[in-house]
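The values are calculated or read from the model by the stated rules, or taken from the named source; none is laboratory data. Bear in mind the structure is a predicted one, so any value in this text is a computation, not a measurement. Here the Cβ positions follow ideal geometry from the backbone for every residue, glycine too, while neighbour counts run over all protein chains shown.
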Ligand code: SF4
């Protein structure tokens with residue numbers, strides 16, 4: 001029931017409910033329901049969830065969907081057939097928030113026609129804006145911050161039972177002791193729903209939540225709370241379970257993943273130690289981790305990437321700028337000299353490493369000369385790619401409070417374009433070096449071009465299609481091959497290169513493809529039957545029925561660090 005104020009429960013720290021704890025795409029993927037599901041569909045509640053932002057949000061959506069499925073919910077194919085529509089939101093840039101408020105404006109019409117529809121705003125924007133969400137969109141029933149997502153099933157039930165709108169958020173960073181604030185950001189990683197993953201054979205695993213770095217421009221420490229690591233045993237157990245379900249590649253995610261530290265008595269486990277434990281898991285082929293904070297790129301971690309065969313040598317280490325003065329204003333905690341020293345150590349140990357960066361242009365007070373240093377860095381650092389953003393002031397951050405947003409929008413746009421053009425030239429040069437090499441590729445699905453060509457048509461596994469996959473260094477490769485190769489590791493001979501992708505031919509007549517049966521055997525009897533029921537055309541994209549991921553700009557996929 002709408003109207004009235006939001007009912008706010010005590011923070012989870014006060015009572016406690018659970019004591020344990022970007023691929024970028026705007027495509028909606030629809031999957032067929034199993035026949036049994038179709039029969040009971042009308043008797044159950046249906047959810048539509050739209051995810052904006054980074055991998056952390058994608059994983060959060062996966063967990064929310066899994067929790068609701070355990071409460072008998074199914075995924076809706078459209079908002080029109082949904083009983084609840086959720087927006088899992090991002091606050092890193094104003095643009096992402098604007099998208100959510102636009103979507104809320106659209107869903108208002110459906111809510112007017114179907115007052116029983118539950119509309120929810122989840123995630124970072126909910127934590128940041130709190131009551132403001134309902135001031136701007138009074139038809140919203142649920143406002144739930146990222147530290148309270150485990151409560152969503154109960155909250156939806158409350159709303160459906162006529163309990164009125166609900167607000168569940170964690171404490172502000174100034175709202176109590178560090179311990180109390182940390183407890184109010186209860187993260188949870190229960191069993192997830194394999195159908196929500198970008199693909200059935202790739203999954204994210206959270207290593208930690210929150211961030212304590214407080215860069216001047218960044219809202220993450222405020223909306224995601226203090227940095228809190230998960231126990232290594234929990235992470236390894238989750239990885240083993242995912243592998244048993246058929247997962248071949250895991251990506252460890254944390255806002256500053258390489259800051260990972262878990263203390264147990266006198267023993268400290270760091271990310272390098274965690275990678276050793278994960279590398280030993282049979283059936284797992286690839287391990288990635290994002291996002292890295294430059295000062296925590298330690299020698300032991302670099303050695304682990306160099307020495308562990310399953311660890312991808314793709315490293316996202318955002319520099320953010322090339323000027324010491326700007327880095328100081330950003331409160332990044334390092335100089336450009338220190339960044340270059342880190343890059344030198346990394347490249348010396350792993351010459352073939354693919355390093356990527358984020359850049360912010362037009363940050364407060366950025367002069368032409370300062371911008372030139374960012375341009376120089378992009379031209380010389382040989383980044384595989386860079387995710388480039390115009391500065392967007394975020395309420396609650398130090399920059400918002402203390403530094404004027406004084407670079408005109410037109411100048412921001414020009415600098416953004418200049419940096420993108422410089423990076424495109426560097427990326428093309430880097431990719432051209434791959435022509436004539438043979439790369440092992442994990443086949444993720446059909447390419448965007450093939451997706452447009454095929455639309456929603458069902459296609460036989462033997463049909464030839466343009467597929468896409470990624471190398472160990474995270475380069476995208478497209479090639480023509482049968483659809484049955486989706487989810488397998490194949491060798492591809494690279495024949496051509498563009499700035500953002502490679503193209504080639506599958507080597508040796510597909511002889512190196514791992515049979516799907518092998519995956520099924522790895523899955524064992526406990527593997528969920530739905531996992532391999534997925535239409536291969538659907539397996540190529542980044543969503544599932546009732547879910548979209550929108551508004552994810554390249555760096556949204558790696559928001560953090
Ligand atoms: S930019 Fe990264 S390191 Fe800095 S506060 Fe945000 S999440 Fe933390």
Tell me yes or no: at least one residue of the range 393-410 is under 26 Å from the mean Cα position of the chain (by Cα), closer than 29 Å to residue 310 by Cβ and surrounded by fewer than 17 Cβ atoms within 10 Å (Cβ to Cβ). no
Looking only at the range 104-113, decide whether some residue is outside the structural domain of residue 206 (by TED's automatic domain parsing) and surrounded by 23 or more Cβ atoms within 10 Å (Cβ to Cβ). no
Assess whether residue 153 counts as being assigned to a helix (DSSP H, G or I), at pLDDT 90 or above and within 14 Å of the ligand (Cβ to nearest atom). no
Note on the range 327-356: residues under 14 Å from residue 301 (Cα atoms) and away from the ligand (no atom under 16 Å from the Cβ) are 343, 345, 346, 347, 348, 349, 350, 353
Going by what's in this entry, would residue 138 be described as outside any helix (DSSP H, G or I), under 28 Å from residue 172 (Cα atoms), over 25 Å from the mean Cα position of the chain (by Cα) and at pLDDT 90 or above? yes
Which of the residues belonging to the range 156-168 are in a helix (DSSP H, G or I) and surrounded by fewer than 24 Cβ atoms within 10 Å (Cβ to Cβ)? 157, 158, 159, 160
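Here is a yes/no grid of residues against (1) in contact with a helix residue (DSSP H, G or I) (Cβ under 7 Å, 6 or more places away or on another chain); (2) surrounded by fewer than 17 Cβ atoms within 10 Å (Cβ to Cβ):
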{"position": "389", "(1), (2)": "yes, no"}
{"position": "429", "(1), (2)": "no, yes"}
{"position": "434", "(1), (2)": "no, no"}
{"position": "446", "(1), (2)": "yes, no"}
{"position": "450", "(1), (2)": "no, no"}
{"position": "472", "(1), (2)": "no, no"}
{"position": "476", "(1), (2)": "no, no"}
Count, please, the residues in the range 205-214 that happen to be within 16 Å of the ligand (Cβ to nearest atom) and in contact with a strand residue (DSSP E or B) (Cβ under 9 Å, 6 or more places away or on another chain). 5
Return the residues of the range 132-171 that are more than 15 Å from residue 86 (Cα to Cα) and touching a helix residue (DSSP H, G or I) at 6+ places or on another chain (Cβ under 7 Å); say none if nothing qualifies. 136, 147, 169, 170, 171
